[in-house]
Amino acid sequence: MEKKSHEVSLSTIGSGAAVELFGEELRKVLSNIADVNTAAEAKREISLRILIKPSKDRSYGAVQVICTSRLAPVKPYETSMHMGLEGGEVKAFEEDAHQFELIKIPGRTEAGGGES
């Protein structure tokens with residue numbers, strides 16, 4: 001039985017590898033767009049590269065299919081901390097441990113770790 005050859009195209013190269021790799025990167029991009037922890041309007045990018053290294057006699061070529069994506073980074077979470085000496089050591093807390101609390105909130109813990 002004779003094997004039928006087909007001309008190479010984007011959809012046939014690597015038995016569909018380029019299309020499959022693109023699909024995987026597209027899923028990553030769509031997931032990144034849906035992530036509320038990323039900037040909504042940031043540009044995302046998918047790159048599909050086909051590398052062909054011909055033989056010396058130019059009768060065939062080794063092919064690499066490379067697909068990558070650039071995603072929007074996760075937005076930074078911003079906070080602050082208060083620092084001071086305690087027992088000769090520098091300590092840091094997100095809340096000012098020396099600030100007087102006007103209202104006691106049940107279940108809220110003090111900056112030093114104890115419950116109010």
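What follows draws every value from the coordinates through simple rules; no lab data is involved. Model, not experiment: these values are computed from the prediction. Here Cβ is always computed from backbone atoms with ideal geometry, including for glycine, and neighbour counts include all displayed protein chains.
Identify all residues within region 1-29 that are in a helix (DSSP H, G or I), free of Cβ contacts under 8 Å to residues at least 12 places away in the same chain, of a type outside the set (D, E, K, R) and surrounded by 11 or more Cβ atoms within 10 Å (Cβ to Cβ); write none if there are none.
VAL19, GLY23
When residues of region 30-50 are filtered for being surrounded by fewer than 11 Cβ atoms within 10 Å (Cβ to Cβ) and either basic (Lys, Arg) or under 10 Å from CYS67 (Cα atoms) (or both), how many remain?
Total meeting the criteria: 2.
Cβ-Cβ below 8 Å, separation at least six or inter-chain, first residue in region 39-58 and farther than 22 Å from PHE22 by Cβ, second surrounded by 10 or more Cβ atoms within 10 Å (Cβ to Cβ) and aliphatic (A, V, I, L, M): which pairs?
ALA39/ALA72; ALA40/ILE33
Filter region 51-70 down to the residues that are among the small types (Gly, Ala, Ser) and either over 24 Å from LYS28 (Cα atoms) or in contact with a Phe, Trp or Tyr (Cβ under 6 Å, 6 or more places away or on another chain) (or both), then identify the one that is surrounded by the fewest Cβ atoms within 10 Å (Cβ to Cβ).
From region 51-70, those among the small types (Gly, Ala, Ser) are 55, 59, 61-62, 69; that's our starting set.
Going one step further and asking which of them are either over 24 Å from LYS28 (Cα atoms) or in contact with a Phe, Trp or Tyr (Cβ under 6 Å, 6 or more places away or on another chain) (or both), we end up with 55, 59, 61-62.
Values: SER55: 9, SER59: 7, GLY61: 11, ALA62: 9.
Among them, the one singled out is SER59.
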